[in-house]
Each structure stands twice: as structure tokens, then as C-alpha cells.
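The values are calculated or read from the model by the stated rules, or taken from the named source; none is laboratory data. It should be emphasised that the depicted structure is a prediction, and the values quoted were computed from it without experimental measurement. Counting neighbours? That spans all protein chains shown, and the Cβs are built from the backbone with ideal geometry, glycine included. SASA here: full protein model, heavy atoms, side chains in, ligands and nucleic acids out. Shrake-Rupley method; radii C 1.70, N 1.55, O 1.52, S 1.80 Å.
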Amino acid sequence: MAFNSFRDFLKTLEAAGELRRVSAPVPTELEITEIADHEMKKPGGGQALLFEKPTVNGQVSPFPLAINTYGSNRRMAQSLGAESVDAVAAELGALMKAKPPSGFREAIKLLGTALELRHARPKSVKSGPCKDVIHKFDPPAAPFSGVWPPAPELKPETAAREIPSLLNLPIQKCWPMDGGRFVTLPCVATRDPDTGDRNLGMYRIQVYDPHTTGMHWQLQKVAARHGRRYYETGQRMPVAIFLGGDPVFAFCATAPLPDGLDEFLLAGWLRKKSVELVRCETNDIEVPADADIVIEGFVDPREPLRMEGPFGDHTGYYSLPDLYPVFHVTAITHRRDAIYPATIVGVPPMEDFYLGCASLKLFLPVFKMNFPEIVDIALPAEGVFHNLVFVSIKKTYPMQAFKIMHGLWGMGQMMFAKYIVVVDAEVDVHNTSEVLFRLCANTDPQRDSIFTKGPADVLDHATTDLAVGAKLGLDATHKLPGEGCKRGWPPLVKMDPAVKAKIEALLNHA
């Protein structure tokens, strides 16, 4: 199911009882965060919230603000236009297992699958709702060559709603020690200058002034790689930031796709409809025609980097200030009825937990293609995405758990996993208590653990050095001969199945 706008998605949530409106004015400075955090911490993620009158420096923004729209399993599935994320994952898994047909009937079936993919490829259009209102700005005539001052506190402007700039948007200051206001749910579109391949990522955007922001793409991200090529050539790098539109866009921007695979291709497949892309007004980057808000601009590699942060991050701690590229805004376009989508991150569980779980479920078939012994994978909320990974496997030979650890550390964003715990197939990895029981019962710390080194999340404050650190793998499976356990391995305590069935029947009729 494709949504024509973010507003259409919110209507669907409201009809399902998944959205609550807040009609009173609420400041974007800290207070929306506190309300949203309270909602996100409710069992199951609470409801999505639509702030109809968010205020910026005391003035009501012309754009409503929606938050926690992905913050439950049900809303996550609705954002993908499906009954459940599991159903979408099963569909993708079946597609990936498709084999060359051996007969006419299989050929027809495979053709049907191929026809279902006809909508996946994005297509260019001349215009769209994202250009209902267009504001263009004069870019700097020359790159700034001095030392950037600290990010200033944005002051109220006279008739802010009449001045087209970033100050029109209800951009939050989320946490007390944040370095300023941050756009928290931006889809950032860049292009490889060598191949022309586009990338869609999500990198926080700190607002410095009405037409300048930070661009927090971390060194392992694809956009950062694109940026390095522009820095090598000295050419201005075109960048487009868009918000809203079909909610599947934000999901795809966070999905762990391989470098070079178009996120809009995934979006088209998920929504069963091609993504219509329109060229920006001031650069040649393409963005979805149905986006709510588009911020166009560039990064000039001849300019010095600028201090960005601190920012209350998904780790539950503030990420410390560091130097990042500067983004200059050359145009802002938007729908007439645009809604500003936002999120917050901090001490888990938060809305991003559900985005992460959906990505993991969707791409589990990819892991299974490489490692067919994998049964399931979970990223507990306490691990803030990749810090803690639980994996269940069908174990058939010695040291298989360690093979899985090394394999996962070599796959995309799994390289950031600090702790990987491997358990047997029958263990429910989504039940943290069950995993911890097996971890404590089935491991000898010296025999069943392995330390290694590798890339670390730039946002991980605990590493000794930036972006590099140690990793720990723990084999909590039952031990086989050849794995260093010289004693017999006892069976797990279980009731006789016949007795269990008899008592269950009695209890059900009691």
C-alpha cells in the first residue's frame, strides 16, 4: 500500500486508534520531547502524537509536528502498508529463494513474481506536491575560510512565519545539553560523483542559523564516502534533505542496504508502486514528488569543518561535539498542507527500537542466505541497536557459534556489534530472560568467549579511541565433542509430554 503523503499515513493511524492529537500550543524546546518520551515508554510504544500548534521561540509554527509514528509493532507494519512486518519479511524471503523454473507452471509463477516487481524501479516526473510552495535563497558567493564560531542560540524573529527559512520549521531542541535544534527524521539524498549511484541515509541535522546546518554523516556511512570524493575534487557537493511523504521513505533511509543498492528501489517494492522522483530547484538531486518538505543545498569541501553537537543520542548518552561538514540551504519547498515528521532518541526503549526491529526482520532472509543455520536474530532494546545481538542457530558441528560471530561482524552494520551471544535453535532470542538463562547456564567464560577488534560506532563513547574498539562473542549453545568440554553435557529439565498435555487439558476445563 502506497501513501500519497505523510498526512494520509496519519489519517490511517488515527482511524486505527493509533494517533492522538494535541491541540494546545507546545514548545519545541524540550517540552515536546518530554511528552513524547513519556508516550514511548508506555508498554507497546503508546500512540503516535500530532502536535497541531508546536511553537518555536514562543511563536506557533505553520507546520504541525508528528512524532512516535513508527513507535509500535502495529504502526511499523502500517507504515509498510502491511498487516505485519513478518508478512513483508516472508514475502521478501520467498522472492530471494526464487530459482530458475523447471517447467511451465513454475515459469508462470516466476513471471507473476517478476510482474510484481515492475513497480519497484523509481521514475522521474516533472513536478509534484513537494513544490506547492518554493523559496529560493542566494548561496554564499565564496567559501568561508575562517574559523567557525560556536553555534549560536536561535533568537525569535519578527513574523517568523512570513520569513522563509529553517526557522519556519518546528525543529526541536530535544534535550537540555543539546548544542542547538536538530532535525531528527531527515532523509538525506546524495550521489556518488563517479558512478552516479544515489544514496538515501538518515543523519541528524543541527541548525546553526536560518540557512546553515551541520551534516552529521559518520565516517563509515555511504554519504561520507560520497563526500570524501567531493573533498578530493574540491567541487561543491549537492545534497537534498526531505521529510515526510510516504512513511516508507524514512524506513528505507535507515535500512542496512548494501552500498550501491538504491533505497528508492526498496521503497517501490515495499509500497507496490514506483516512487516518483522530481529534480530539485537548485541542484540535480532527485527527491520524492510526494515529500512534505524538501531542503536543498550543498556542502563546500573548501570550507573548514564546523563543531556539531552535543546531542542526546540513541545510546542514552550525549554524543560529544566534533567537527563535521557544513550544509548551506539554497531552497526550501513544501506542500501547502505539509506536516513536519520528527522523532527523539535517548535512553531506550524509544521509537527507533521498532524501526531497528523491522529492518532486522526484513533482512533476516539475507543473513540466512549466507548462514543457513541461523534461526533468528534479535537486537534487545537495552543494546541500543547493534551493541547487543542475540542469535539462535541449528548447531551441527564444533565451533559453529564462533563461525557465526565472525560472519556477522563482517556484514554491513553488524560490524558495530559489541556483544554477540549465540544460543541453540529452540531458544527464543526475543525473550531476554531465556537468553540470559542459557548464557549463565551453558558457558565457561574462558572457554566460550572470544575477543576481537574492529570498527566501532562513532557514537560509542565507551571506546578508547574514536570509531575502533573491541568485541566480545559468547557461545551459549550446548557443547559438542571437540569444543573443550571434557564432561558429559546434561539434558535440560523438561516434563514428560504426555503428562504435560494431560495437565494442560485439565486446567483448560477447570
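Things to note:
- Of the criteria (1) open to solvent by less than 20 Å² (accessible area, probe 1.4 Å); (2) touching a Cys at 6+ places or on another chain (Cβ under 9 Å), which one residue 202 fails: (1)
- Residues that are loosely packed, with under 14 Cβ neighbours inside 10 Å and without any contact (Cβ under 8 Å) to a residue 12 or more places away in the chain were ranked within the stretch 449-465; the one that is nearest to residue 388 (Cα to Cα) is 462.
- For the stretch 291-326, filtering for residues that are open to solvent by 20 Å² or more (accessible area, probe 1.4 Å) and of a type in the set (D, E, K, R) leaves 2.
- If you go through the stretch 37-60 and keep only what is crowded, with 17+ Cβ neighbours inside 10 Å, among the aliphatic types (A, V, I, L, M) and either farther than 14 Å from residue 75 by Cβ or touching a Ser or Thr at 6+ places or on another chain (Cβ under 8 Å) (or both), you end up with 48, 56.
- Cβ separations smaller than 7 Å between residues 6+ apart or across chains give the following pairs from the stretch 38-58 residues that are β-branched (Val, Ile, Thr) to residues that are modelled with pLDDT under 95 and buried (at least 18 other Cβ atoms within 10 Å of the Cβ): 55/61; 56/160; 56/167.
- Hey, residue 415 outside any loop (DSSP other than H, G, I, E, B), at pLDDT below 95, in contact with a Pro (Cβ under 6 Å, 6 or more places away or on another chain) and not acidic (Asp, Glu) or not: yes
- Unique residue being surrounded by 17 or more Cβ atoms within 10 Å (Cβ to Cβ), at pLDDT 90 or above and not in a helix (DSSP H, G or I) when the list is 401, 338: 338
- Test: residue in the stretch 158-174 that is of a type in the set (Lys, Arg), more than 20 Å from residue 336 (Cβ to Cβ), at pLDDT 90 or above and open to solvent by less than 40 Å² (accessible area, probe 1.4 Å): no
- Output for the stretch 1-36, where each listed residue is without any contact (Cβ under 8 Å) to a residue 40 or more places away in the chain and among the aromatic types (Phe, Trp, Tyr): none
- Helices (runs of 4 or more DSSP H) (entirely within the stretch 209-280) containing at least 3 residues that are in contact (Cβ under 8 Å) with a residue 24 or more places away in the chain, buried (at least 18 other Cβ atoms within 10 Å of the Cβ) and of a type in the set (Phe, Trp, Tyr): none
- Meets criteria (farther than 30 Å from residue 247 by Cα, aliphatic (A, V, I, L, M) and buried (at least 17 other Cβ atoms within 10 Å of the Cβ)) for residue 427: yes
- Any pair with Cβ under 9 angstrom, 6 or more apart, that starts in the stretch 484-510 at a residue that is closer than 23 Å to residue 442 by Cβ and free of Cβ contacts under 8 Å to residues at least 40 places away in the same chain and ends at one that is β-branched (Val, Ile, Thr) and open to solvent by 100 Å² or more (accessible area, probe 1.4 Å): none
- Every residue from the stretch 492-501 that is assigned to a loop (DSSP other than H, G, I, E, B) and either under 41 Å from the mean Cα position of the chain (by Cα) or basic (Lys, Arg) (or both): 492, 493, 494
- Checking each residue in the stretch 372-398 for being in a helix (DSSP H, G or I) and within 16 Å of residue 256 (Cα to Cα) picks out no residue at all.
- One residue stands out in the stretch 1-16 among those that are open to solvent by less than 30 Å² (accessible area, probe 1.4 Å), of a type outside the set (A, V, I, L, M) and part of a helix (DSSP H, G or I): the one that is farthest from residue 338 (Cα to Cα), namely 9.
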